[in-house]
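The values are calculated or read from the model by the stated rules, or taken from the named source; none is laboratory data. Source: prediction; values computed, not measured. Glycine also receives a Cβ, built like all others from the backbone with ideal geometry; neighbour counts cover every protein chain displayed. Only protein heavy atoms, including side chains, enter the accessible area calculation; ligands, DNA and RNA are left aside. Shrake-Rupley method; radii C 1.70, N 1.55, O 1.52, S 1.80 Å.
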Amino acid sequence: MGIDQTCSMHEIKTRFISSNEEGLYIEIPFTLPADTEQIKVKLEVIQEGLASSIIDLGVKDQNRIRGWSGGARSEFFIHQAKATPGYLPGEMEAGDWAVILNAYKVAAKGCTVKLTIEYTLEEFRWLKGDLHTHSVHSDGTFTLREKADICEEAGLDFIGLTEHNAASQNDAFPRDVDTLFIPGMELTTNKGHLNLLGVNDPIRDFRVNTMEELHSVLKEARENGAYITLNHPHCRNTGWKWERDFDYDWVEVWNGPWRDENQDTLDWWQEQLVSGKRLVAVGGSDAHRPHPNVIHGMPTTWVYSKSLTCSGILKSIDKGHVVLSYSPKGPFISLTCGMSMTGDVCKKTNLPVQLNVKDVQSSDVVKVISNQGIEQEVMVKEGQDTLKLSWTAGSRSFYRVEVWRDFPEVRSQSLAALSNPIYFIN
């Protein structure tokens, strides 16, 4: 269960193109491995003699042309969710593919084409993102391109587009960046907010004035494939004032900088867990505009996913494979028991529960919490950047972990990291 690990491999293919092949489309076949998440192709034309040859570039899968650069580019990528302009993202079906070369102009002595094809395979790893942000498509000031740049600089892998009652952003975000955009909408009512994640156009009409209308709108979102998050339910200005008996998946326990409203939600979430509910905790910056304290990736939602795709990430969140930290740089909490991890239900209570907290600092306080409350409270010693603990699950129904840190800029102790629980059946 490593952090930021991907499996990649590459192959090199060469082909001499003679002058009598000028004007022909030449296919260079390659086999796309199973479970490929992304391919990158780089073209190098090695000239023979002083005259130059011009070779155009494209690619096909088993069914169609997947993209064409002509002479405009010498490399491209195709990912399941994004691609270089001129290329189609989408399913990466294993089997026979081919790079397409157009021998547009070939010198008398010909040329040699060198193709480097890199495959990135799906592999479970921890991905970092922000599930709650805004842009110019509602009341924010960031463009979507600016958000991609900010995320790349911060080291975030994905970002949720959750505009207030708007969906235009889901058709407008750039597809040629490293950042994965997760489509969404923040259903914004006069009595509370919900994120609808995973579909471009989750609902037709956002206006909700009764519980009956709320149920109807959420039914429509659910039928369209959306996951539903209860946002900042204890916020003094925009907290949840509707009834609590409604359809949702996750709760945003950490919204923006740590503050009393977040603590109220954290306490409420603990009560839900103690009562037997298995409710996934997520976070989001709620960033709207440049601000010294409200920053993309603060907090960061870490997700253990097999692929950097919308469906892969959201399915993993739904399993509770989620850890939160105040920053993309951590701290990071690894909580396991045998083959089970955060979010899982472990039936083998005789196995030790293993805790490994990385990127901690001196005086950080690590709290191990169960349905019985705080079980352990350990202060990190001077010189430590990792804390490891182990204990037996016993008769507890769950364990989860918090890391608290003294932040000089706010002159108080605040939450630095939070894990979802491992659950136990006794």
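If R0 is taken as 60 Å, the Cβ-Cβ distance between Val345 and Ile65 corresponds to a FRET efficiency of 0.85.
Taking only the Cα atoms of the chain, the radius of gyration and Dmax are 24.9, 81 Å.
Calculated FRET efficiency, Asp149 to Ala108, Cβ-Cβ distance, R0 = 45 Å: about 0.50 to the nearest 0.05. Volume per residue for region 5-48 equals 103 cubic angstrom (convex hull of Cα atoms). Note on Glu91 and Met379: with the Förster distance fixed at 60 Å, the Cβ-Cβ geometry gives a FRET efficiency of about 0.75.
Among the listed pairs Lys277/Lys358; Lys277/Lys319; Lys347/Lys388; Lys191/Lys219, a Cα-Cα separation exceeding 20 Å is found for Lys277/Lys358; Lys347/Lys388. Stretching Ser18 away from His215 to a fully extended chain increases their span by 64.2 nm, per 0.36 nm per residue minus the current alpha-carbon distance. Could you compute the longest span of the chain free of GluC sites (Glu not before Pro) located in DSSP loops and having at most 15 other Cβ atoms within 10 Å, not counting the site residues? After excluding every exposed loop site, the longest remaining stretch is 244-381. Share of pairwise Cα-Cα distances greater than 24 Å in region 158-311 is 32 percent (whole percent).
Taking a point 7 Å from the Cα of Ser311 along the Cα-to-Cβ direction, none of the residues of region 266-288 has its backbone N closer than 17 Å to it. Each of Phe407 and Thr141 was given a label point 7 Å from its Cα along the Cα-to-Cβ line. The distance between the two points is 2.1 nm.
Amide H contacts under 5 Å for Asp139: His164, restricted to partners 5 or more places along the chain or on a different chain, H placed in the peptide plane at 1.01 Å from N. Counting every alpha-carbon pair across region 95-192, the share separated by more than 22 Å comes to 51%. Here the chain has 47 percent of its accessible surface on carbon and sulfur atoms, given a 1.4 Å probe and all protein chains in place. Can you tell me which lysines have their Cα less than 26 Å from the Cα of Lys114? Leave out same-chain residues fewer than eight positions away. Once the sequence-local lysines are set aside, what remains near Lys114 is Lys13, Lys40, Lys42, Lys60, Lys82, Lys105. Rounded to whole numbers, the Karplus 3J(HN,Hα) couplings from phi for region 9-18 are 8, 9, 9, 10, 10, 10, 8, 7, 10, 8 Hz, using 6.51 cos²θ - 1.76 cosθ + 1.60 with θ = phi - 60°, and x at Gly and Pro. Computed from phi, the 3J(HN,Hα) profile of region 308-316 under the Karplus parametrisation 6.51, -1.76, 1.60 (θ = phi - 60°) reads 7, 9, 4, 5, x, 5, 5, 5, 5 Hz, with x in place of Gly and Pro. Kindly identify region 177-250 as rounded, prolate or oblate by the Cα gyration tensor criterion: order the square roots of the eigenvalues as a ≥ b ≥ c, call it rounded if a/c is under 1.5, otherwise compare a/b with b/c, prolate if a/b is larger, else oblate. Note, shape of region 177-250 comes out oblate.
Could you pull out which residues in region 344-374 have an amide N less than 18 Å from a spot 7 Å beyond the Cα of Val274, following the Cα-Cβ vector? Within reach of a label on Val274, which here means backbone N under 18 Å from a point 7 Å along Cα→Cβ, region 344-374 contributes 367-374. Two numbers describe the Cα atoms of region 281-426: Rg and Dmax, which are 15.7, 50 Å.
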